[in-house]
1. May I ask you to list the residues in segment 29-59 that are β-branched (V, I, T), open to solvent by 60 Å² or more (accessible area, probe 1.4 Å) and over 18 Å from N82 (Cβ atoms)?
2. Of the conditions (1) open to solvent by 80 Å² or more (accessible area, probe 1.4 Å); (2) closer than 17 Å to L27 by Cα, A132 satisfies every one except a single condition; which number is it?
3. Can you name the residue in segment 65-81 that is in contact with a helix residue (DSSP H, G or I) (Cβ under 8 Å, 6 or more places away or on another chain) and at pLDDT below 90 and, of all such residues, is surrounded by the fewest Cβ atoms within 10 Å (Cβ to Cβ)?
4. Considering (1) over 21 Å from P130 (Cβ atoms); (2) in contact (Cβ under 8 Å) with a residue 24 or more places away in the chain, say which one Q11 fails and leave the rest.
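The values are calculated or read from the model by the stated rules, or taken from the named source; none is laboratory data. Given the structure is predicted, the values throughout are model-derived calculations rather than measurements. Neighbour counts are summed over all protein chains in view; Cβ atoms, including those assigned to glycine, are modelled from backbone coordinates with ideal geometry. Just so you know, the surface numbers come from the protein's heavy atoms only, side chains and all, with ligands and any DNA or RNA stripped out. Shrake-Rupley method; radii C 1.70, N 1.55, O 1.52, S 1.80 Å.
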Amino acid sequence: MADSNKKVIGQFIKFALIGVVNTLVDLIVFKILNAAFHWVIPAQIIAYAAGIANSYVLNSSWTFREERKRDVREMILFIAVNLVSLGVSIGVLKLCEHCGITDTWVETWRPGFLAWLLNGAFVCKLIATPCAIVVNFIGNKLFVFKKKTE
């Protein structure tokens, strides 16, 4: 059992490292679209899709290499788990908005030199991202990249 726990912890660390790269891709695309078009939900969907593509390639090649099958079923499950994670992130974005995390609120505490980066939508995004990451790892571990059966 100890080896199994170590493996899961190792996988989570790899997943988290890849998640950092995916999150950077996601955040950059989100920030560009939000700044250019003042989109929130469409920007979230497009940015998240960019992260999903990167995530599948890296996680199936490194994190879950032993468990991967690279078949249609796995890809469909991967997309399904990511759609659930996207739903969680959108739900948290909306909840943050509802709770008053807006540009006006952020301006009350944000240092002026960070005005180009921090706005209400981006702060909501920073809160939503970790929630989606946890859901995503659990879904991938339990449903997509299950241990191969003999």
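1. I32
2. Of (1) open to solvent by 80 Å² or more (accessible area, probe 1.4 Å); (2) closer than 17 Å to L27 by Cα, only one is false for A132: (1).
3. Among those residues, the one meeting the criterion is R70.
4. With (1) over 21 Å from P130 (Cβ atoms); (2) in contact (Cβ under 8 Å) with a residue 24 or more places away in the chain applied to Q11, the lone miss is (1).
Quick grid of which residues meet (1) among the acidic types (D, E); (2) in contact with a Gly (Cβ under 6 Å, 6 or more places away or on another chain); (3) farther than 15 Å from T23 by Cβ:
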site	(1), (2), (3)
N34	no, no, yes
S61	no, no, yes
E67	yes, no, yes
I76	no, no, yes
A80	no, no, yes
G91	no, no, yes
I101	no, yes, yes
N119	no, no, yes
F122	no, no, no
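Table: residues versus (1) within 11 Å of the chain's Cα centre (by Cα); (2) more than 16 Å from G139 (Cβ to Cβ); (3) of a type outside the set (A, V, I, L, M, F, W, C).
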residue	(1), (2), (3)
G51	yes, no, yes
E74	no, no, yes
V88	yes, no, no
C96	no, yes, no
